[in-house]
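Since the structure comes first, as structure tokens, the remarks are kept for the end.
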């Protein structure tokens, strides 16, 4: 989750789910951005209609073992907006959790829309025992402001915060190789420290990531040799470690 | 408005309002992003508490003639999230329009949160005779996807679309001066043409804009000699022209 839009939540969610799936885990990816679902576009599965039967809705399968559900699959066209108020959205999110045939999963990754309104509130209430929230931010002050809101939100709902990812952290000019901090750099790490939270890692602002999203080819697979993908794998490992640490603590109690 | 978050809606809204105010107009700026209000931060008026009396809420005055209202003014701290569902938000937006002492205005600029949910829907219904919506986008496909949703949304609500602004369009490396299309370039203009809408102009991805926002110093005033500010003034003039064209047509009827 994140308080601010456009920080890379969906890109992180799609690549996190894909990376776990490559590691051999059974993974579900639920796109809870009802108004602006972008997960199907990022995974190149925009034109995949999910099948519904009496047994429930079948999620879209992405090899090797990723199951995806999104509002985008249910719209007549990509131009169609979802002009809904909160209560209707709450109902759909409930169905996405309860009526979709997820089967046995190791991980369910949920991509939330920005803010602290109906969607994150519904998910927090419907899944009180989730492993927690990964907060994505960019380094500029305006974004960090909303990180603090997201963290207070998580606390209010008794939701664990797994940690913070700093996205769009610095930019390397492809022509002269100099680093340029367009949105600043280091703000996410500083905020994590201030709030006593795990810092999960940084991802650079990278035109190749934008392109991979537009082409529907997750960079953790299609550009796996790049420094950006390597940085992302480190983040995935840290997330898994944090979750296992939490489970270990729960077992000891 | 825009379907996607993080495309620069608030930066555009704040600088548009400020630019009109510099031109001698009486301008109101209403921040309708209840969960992630950033207008006060962008204008450097975060610590200004609005006064409320029986006559209504007094908006915050920014010289020369800008009146600002935002949820941020009403929160106990910048860390406080607003954990509200739709119906409560609808009530607050109604008060922001009806209970705030805007006085006589030439323009009321409204900054909407991303998407097509409660806030844009409420504003569309509460202000059926607005001059219309300015759509802000970035050039990558994922953003353009949501532009089309916003436009269908506007049509559904009988709201005029004034035109499209393409933000973060190309980046000039400060070291080697080469242009790098991080988020692509030209996608906003192409989409405007395809949909038969006015293209209002492009703004580059500019670290100076990010910094001006973090410092609360609108670039149309504090960096008015730069190419970016000049590009923005052209956009402001085009918006004013489009609105006047519309009024002219209404008068002739």
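Please verify whether residue B:16 is within 11 Å of chain A (Cβ to nearest Cβ) and farther than 14 Å from residue B:95 by Cβ, treating the condition exactly as stated.
Considered against the rule, which asks whether it is within 11 Å of chain A (Cβ to nearest Cβ) and farther than 14 Å from residue B:95 by Cβ, residue B:16 comes out as no.
Would you please name the residue that is nearest to residue B:167 (Cα to Cα), looking only at residues in the range B:206-227 that are within 14 Å of another protein chain (Cβ to nearest Cβ) and over 17 Å from the mean Cα position of the chain (by Cα)?
Step by step, filter the range B:206-227, then rank; the result is B:206.
This table checks each residue for (1) modelled with pLDDT under 95; (2) surrounded by fewer than 17 Cβ atoms within 10 Å (Cβ to Cβ); (3) assigned to a loop (DSSP other than H, G, I, E, B).
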residue: A:217; (1), (2), (3): no, yes, yes
residue: A:220; (1), (2), (3): no, no, no
residue: A:230; (1), (2), (3): no, yes, no
residue: A:234; (1), (2), (3): no, yes, no
residue: A:237; (1), (2), (3): no, yes, no
residue: A:241; (1), (2), (3): no, yes, no
residue: A:249; (1), (2), (3): yes, yes, no
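Within the range A:142-165, how many residues are at the interface with chain B (Cβ under 9 Å from one of its Cβ atoms) and closer than 20 Å to residue B:209 by Cβ?
4
Taking only pairs six or more apart or across chains, which ones have beta-carbon atoms under 8 Å, a first residue in the range B:222-240 that is farther than 18 Å from residue B:43 by Cβ, and a second residue that is at pLDDT below 95 and surrounded by fewer than 18 Cβ atoms within 10 Å (Cβ to Cβ)?
What qualifies is B:226/B:208.
May I ask you to list the residues in the range B:229-244 that are in contact with a helix residue (DSSP H, G or I) (Cβ under 7 Å, 6 or more places away or on another chain) and farther than 17 Å from residue B:164 by Cα?
B:229 - this is the single residue of the range B:229-244 that is in contact with a helix residue (DSSP H, G or I) (Cβ under 7 Å, 6 or more places away or on another chain) and farther than 17 Å from residue B:164 by Cα.
Taking residue B:161 as meeting all but one of (1) more than 28 Å from residue B:106 (Cα to Cα); (2) in contact (Cβ under 8 Å) with a residue 24 or more places away in the chain, write down the number of the exception.
All conditions are met except number (1).
Name the one entry in A:53, A:80 that is under 23 Å from residue B:116 (Cβ atoms), more than 20 Å from the chain's Cα centre (by Cα) and free of Cβ contacts under 8 Å to residues at least 12 places away in the same chain.
A:80
Specify which of the listed residues (A:81, A:37, A:64) is part of a loop (DSSP other than H, G, I, E, B) and surrounded by fewer than 21 Cβ atoms within 10 Å (Cβ to Cβ).
A:64
Within the bounds of the range B:203-211, is there any residue that is in a loop (DSSP other than H, G, I, E, B), at pLDDT 90 or above and surrounded by fewer than 17 Cβ atoms within 10 Å (Cβ to Cβ)?
no
Which one is nearest to the other protein chains (Cβ to nearest Cβ), of the residues in the range A:67-77 that are farther than 23 Å from residue B:119 by Cβ and crowded, with 22+ Cβ neighbours inside 10 Å?
Ranking the qualifying residues of the range A:67-77, first place goes to A:68.
Between B:168, B:90, which is within 14 Å of chain A (Cβ to nearest Cβ) and within 29 Å of residue B:23 (Cβ to Cβ)?
B:168
What number of residues within the range A:171-190 satisfy the criterion of being within 23 Å of residue B:215 (Cβ to Cβ), assigned to a loop (DSSP other than H, G, I, E, B) and facing chain B (nearest Cβ under 10 Å)?
Number of matching residues: 4.
Mind counting the residues in the range A:191-205 that are within 14 Å of chain B (Cβ to nearest Cβ) and either in contact with a helix residue (DSSP H, G or I) (Cβ under 8 Å, 6 or more places away or on another chain) or closer than 19 Å to residue A:42 by Cα (or both)?
Selection size over the range A:191-205: 6.
Pick from A:103, A:5: which is touching a residue at least 60 places away in the same chain (Cβ under 8 Å), out of contact with any helix residue (DSSP H, G or I) (no Cβ under 8 Å at 6 or more places or on another chain), farther than 30 Å from residue B:158 by Cα and part of a loop (DSSP other than H, G, I, E, B)?
Answer to the selection: A:103.
Can you find a residue in the range A:107-114 that is surrounded by 24 or more Cβ atoms within 10 Å (Cβ to Cβ), within 11 Å of another protein chain (Cβ to nearest Cβ), modelled with pLDDT of 95 or more and touching a strand residue (DSSP E or B) at 6+ places or on another chain (Cβ under 8 Å)?
So far as the range A:107-114 goes, no, none of its residues is surrounded by 24 or more Cβ atoms within 10 Å (Cβ to Cβ), within 11 Å of another protein chain (Cβ to nearest Cβ), modelled with pLDDT of 95 or more and touching a strand residue (DSSP E or B) at 6+ places or on another chain (Cβ under 8 Å).
Taking the range B:115-141 on its own, how many of its residues are part of a helix (DSSP H, G or I) and within 7 Å of chain A (Cβ to nearest Cβ)?
Adding up the residues that qualify gives 3.
The values are calculated or read from the model by the stated rules, or taken from the named source; none is laboratory data. Source: prediction; values computed, not measured. Ideal geometry is used to build each Cβ from the backbone, glycine not excepted, and the neighbour counts take in all protein chains shown.
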